[in-house]
Amino acid sequence: MFRQLIFSACVVGVLLGLMMTALQSVSVAPIIREAEQYEVTGDSQPIQAHHNIEHGTDVGHTHDDQGAWSPAEGAERLLFTSVANICTGIGYAAILLVVIQHLGERFGRTLTLKGGLIVGGLCFLAVFVAPSVGLPPEIPGTSAAALESRQWWWVVEVVMAGIGLSIMALSKGIVRLSGLPLLLLPYIWVPMHEGPLFINEDPNAVLALSELHTQFIFASTLNNLVFWLVAGLMCARVIKGVKVS
């Protein structure tokens, strides 16, 4: 059973990763490239930044270390973006398969495709929507709090949201309300940056970046919604072929 789950996770993850790369190429990637034109350092020198794959963006350059290697524009950047998306897809697919298998055993039946959609939708809420309420997806040139603080907050938020949504979805009666505090607790403190939203202070650049930022949030949300719904459907479908014994 374990081998079958791992094999299924790899197959589903590869398909999800390629799908996500295709979606990014026509949606968020053009926005990122355009926003990079407005990036500046403290001395107003153009830079390029590394972007968070979790919010549906592609792998870019980093300005933390000018001598560090980074993928070149074009085919190389697309290749490493695909690899990152596939690895992410495999990891999430493995988690989803285990969850769906557990739910099937708990309720005594295999989850239907509709159930897979529901599980995928809940994952979308926990992994993307809940963290984005506190830390929206960022385009290049956006001012932000320390990376370590944001990473730790994201992990805590996703775990708390996952537990809270699970309690609300699987429990009955008034017990469901006990999941709500878990959803709200991480928002007591969010690692926010104080000051202007964008590093570039040129009014024209700020106006352009503001519009790109809105487009980026919309595109990232749509991409992640498609990713999780398809992931739920695919995992619910392949789990039927996994033998329990």
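Any read-out appearing in this document is the output of simple, stated calculations on the displayed coordinates, not a laboratory observation. Computed from a predicted structure; not experimentally measured. No Cβ is skipped: glycine too gets one built from the backbone with ideal geometry, and neighbour counts run over all protein chains shown.
Per residue, the convex hull spanned by the Cα atoms of region 161-213 measures out at 114 cubic angstrom.
Taken along its three principal axes, the alpha carbon spread of region 180-241 comes to 57, 30, 14 Å, from the longest extent down to the shortest.
Between the alpha-carbon centres of region 75-118 and region 185-245 there is a gap of 17 Å.
Of all the Cα-Cα pairs you can form in region 71-114, what percent are over 18 Å apart?
When every Cα pair of region 71-114 is considered, 50 percent fall beyond 18 Å.
Here region 73-193 is described by how far its Cα atoms reach on the three principal axes: 50, 38, 19 Å, from widest to narrowest.
Using every pair of separate Cα atoms, the Kirkwood estimate puts the hydrodynamic radius of region 122-245 at 16.8 angstrom. Between the beta carbons of VAL98 and LEU184, assuming R0 = 30 Å, the FRET efficiency works out to 0.65 to the nearest 0.05.
Footprinting exposure proxy ranking of GLU36, GLU194, GLU73, fewest other C-beta atoms within 10 angstrom first, gives GLU194, GLU73, GLU36.
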